[in-house]
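The structure appears below as structure tokens.
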Amino acid sequence: MDKATWAGVDAYFNRALAPPDPAMDAVLAANAAAGLPGIDVSEAQGRFLGLLVRATGARRVLEVGTLGGYSTIWMARGLAPGGRVVTVEREARHAEVARANFVRAGVADRIELRVGAGLAVMEALAAEEAGPFDLIFIDADKPNNPGYWDRAVRLGRKGTVVIVDNVVRDGRIAEARNADPDVAGTRTMFAAMRAAGVGASALQTVGSKGWDGFAMAVLD
Ligand code: DHB
Ligand code: MG
């Protein structure tokens, strides 16, 4: 089994389960045209995030790491009426592309984009008492995952769902001698989740993005 096979199955699921979605394809095209790195969630993962938002009835969603807003739009589409996504992006150039995508996708009224470093913006949100958020999606620079987790706990409430992207990275997470700062960040975050005693799990995924996975925790 290889990435091409996994991507073929993703393509099959996308075709089998939903009609073509030119609006979402246009977002990815705009991102590519602007030279953004193609590290968005996959279409299947995006749909899944949207379903999670819907299943939890989330009305306040926080995303750390907007990039071009692809995952943001999937989650915005899953919001209950009156719901809102606050999304945080450090790179002004990415944020500009994301803003145009939100307008083009017709969800700009449901999204608040804050430009700044994730930790600083989360601190600001806490100071403003902008929480509690119902669902928090962490998908930014991995060395800061422990800090994002810590602040997510403070911005959440009992029952808040926290999802973290890219916790597997081709299996590197479990390599004993791996010294990659991305891996170290995610491991330290796992230790904090365990120490907090929250219910947490992680699922490996294969697909068009290769072998990776999500962690999920539900706050106490
Ligand atoms: C990278 C980051 C991501 O959030 C992702 O989903 C895939 C790759 C990266 O930095 O390489
Ligand atoms: Mg990611």
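Taking F13, F48, F137 in turn, the Gaussian network model of the chain (Cα-Cα springs below 10 Å) assigns the largest fluctuation to F13.
Mind checking which of G156, A126, L113 is farthest towards the positive end of region 104-171's charge dipole, using Cβ charges of +1 (Lys, Arg) and -1 (Asp, Glu) about the Cα centre? Among G156, A126, L113, the one farthest towards the positive end of the dipole of region 104-171 is G156.
Amide hydrogen proximity for F137: with H placed 1.01 Å from N in the peptide plane, the residues at 5 or more positions away or on another chain lying under 5 Å are L62, E63, V64, I163.
This model, with +1 at the C-beta of Lys and Arg and -1 at the C-beta of Asp and Glu, gives the chain a dipole about its Cα centre of some 400 debye. Using the rule -39500 (n - 2.57) for each DSSP H run of four or more residues, divided by the residues of the chain, the 222 nm mean residue ellipticity is -14000 deg cm²/dmol. Indicate the gyration tensor shape class of region 1-68 (rounded, prolate or oblate), computed on the Cα atoms with a ≥ b ≥ c the square roots of the eigenvalues: a/c under 1.5 is rounded; otherwise a/b larger than b/c is prolate and the rest oblate. Oblate. The ranking of E89, E112, E128 by Cβ neighbour count inside 10 Å, starting from the fewest, reads E128, E112, E89. Can you tally the net charge around G83? Count Lys and Arg as +1, Asp and Glu as -1, for every other residue whose Cβ sits under 9 Å from the Cβ of G83. Once all neighbours under 9 Å are counted, the net charge is +3. Here's the picture: charge each Lys and Arg Cβ at +1 and each Asp and Glu Cβ at -1 in the chain, and of N166, G50, T188 the one pushed furthest to the positive end of that dipole is G50.
Taking Cβ atoms as reference points and 9 Å as the exclusive limit, the residues near F133 contribute a net charge of +1, counting Lys and Arg as +1 and Asp and Glu as -1.
Among T66, T160, T72, T188, the ranking by other beta carbons within 10 Å of each residue's beta carbon, starting with the fewest, stands as T188, T160, T66, T72. Antiparallel beta bridges, as assigned by DSSP with both residues in the chain, represent about 45 percent of the total such bridges.
Backbone amide hydrogens, once placed in the peptide plane, bring W211 within less than 5 Å of D170, excluding anything fewer than 5 places away on its chain.
No value in this document is a laboratory result; all are computed from the given coordinates. Fair warning: this is a prediction, and the values are worked out from it, not measured in the lab. Don't worry about glycine lacking a Cβ; one is built from the backbone with ideal geometry, like all the others, and counts go over all protein chains shown.
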